[in-house]
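The structure under discussion appears below in the form of structure tokens.
The values are calculated or read from the model by the stated rules, or taken from the named source; none is laboratory data. Treat the numbers as computed from the prediction; the structure is a model and nothing was measured. Reconstructed Cβ throughout: ideal geometry from the backbone, glycine too, with neighbour counts over all protein chains shown.
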Amino acid sequence: MKTELIRKQITFGLSQDELKKHYGKNYEDAYRDLENFFVKNNWSKLKGSVSMYTSNSEISHCDVIGITKEAYRKLPWLLKSVEDVGVVDILSQKTIYLSDLRKKDFWTMLSL
């Protein structure tokens, strides 16, 4: 069976209470550390998100598992604080931001 390569998006849902317990006093810095880890590993943070990242290249599901395991290894507080992890395939390069909802031509763009 051929392994499908496609860009991915990964989202981490983190428990604030667990972050306080396992990261420490400045637990808000955990989000910066998570972002730094993913950026160093060829991912981009999604504009306006706290913990949502997109791969910069096409990868496999096994690659996602590998990068997640590596994140847990390098950021030991992450595994103790994560409530859920979501992974989706990115089938389109187009991103529409909520700020676009205010633009007059937004609805026209959707009808294309």
Near pairs, Cβ below 8 angstrom, 6+ apart or cross-chain, from region 45-72 (free of Cβ contacts under 8 Å to residues at least 60 places away in the same chain and farther than 18 Å from Ala30 by Cβ) to any residue that is aromatic (Phe, Trp, Tyr) and surrounded by 13 or more Cβ atoms within 10 Å (Cβ to Cβ):
Thr54/Trp43; Ser55/Trp43; Asn56/Trp43
Of the conditions (1) modelled with pLDDT of 95 or more; (2) surrounded by fewer than 16 Cβ atoms within 10 Å (Cβ to Cβ); (3) within 19 Å of Val82 (Cα to Cα), Asn42 fails just one. Which one is it?
(3)
Ser15 passes all but one of the listed conditions (1) of a type in the set (S, T, N, Q); (2) in contact with a helix residue (DSSP H, G or I) (Cβ under 7 Å, 6 or more places away or on another chain); (3) closer than 18 Å to Asp89 by Cα; the exception is number (3)
Identify all residues within region 45-79 that are farther than 18 Å from Glu4 by Cα, part of a helix (DSSP H, G or I) and of a type in the set (Val, Ile, Thr); write none if there are none.
Thr68
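Of all residues in region 30-44, count the ones that are free of Cβ contacts under 8 Å to residues at least 24 places away in the same chain and assigned to a helix (DSSP H, G or I).
To start, the set of residues in region 30-44 that are free of Cβ contacts under 8 Å to residues at least 24 places away in the same chain comprises 31-32, 35-36, 39-40, 42, 44.
Now narrow it down to the ones that are assigned to a helix (DSSP H, G or I): 31-32, 35-36, 39-40.
Residues meeting the conditions: 6.
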Taking the condition of being surrounded by 15 or more Cβ atoms within 10 Å (Cβ to Cβ), within 20 Å of the chain's Cα centre (by Cα) and part of a helix (DSSP H, G or I), how many residues in region 9-24 meet it?
2
So Tyr27 clears everything in (1) exposed (fewer than 15 other Cβ atoms within 10 Å of the Cβ); (2) assigned to a loop (DSSP other than H, G, I, E, B) except one condition, right? Which one?
(1)
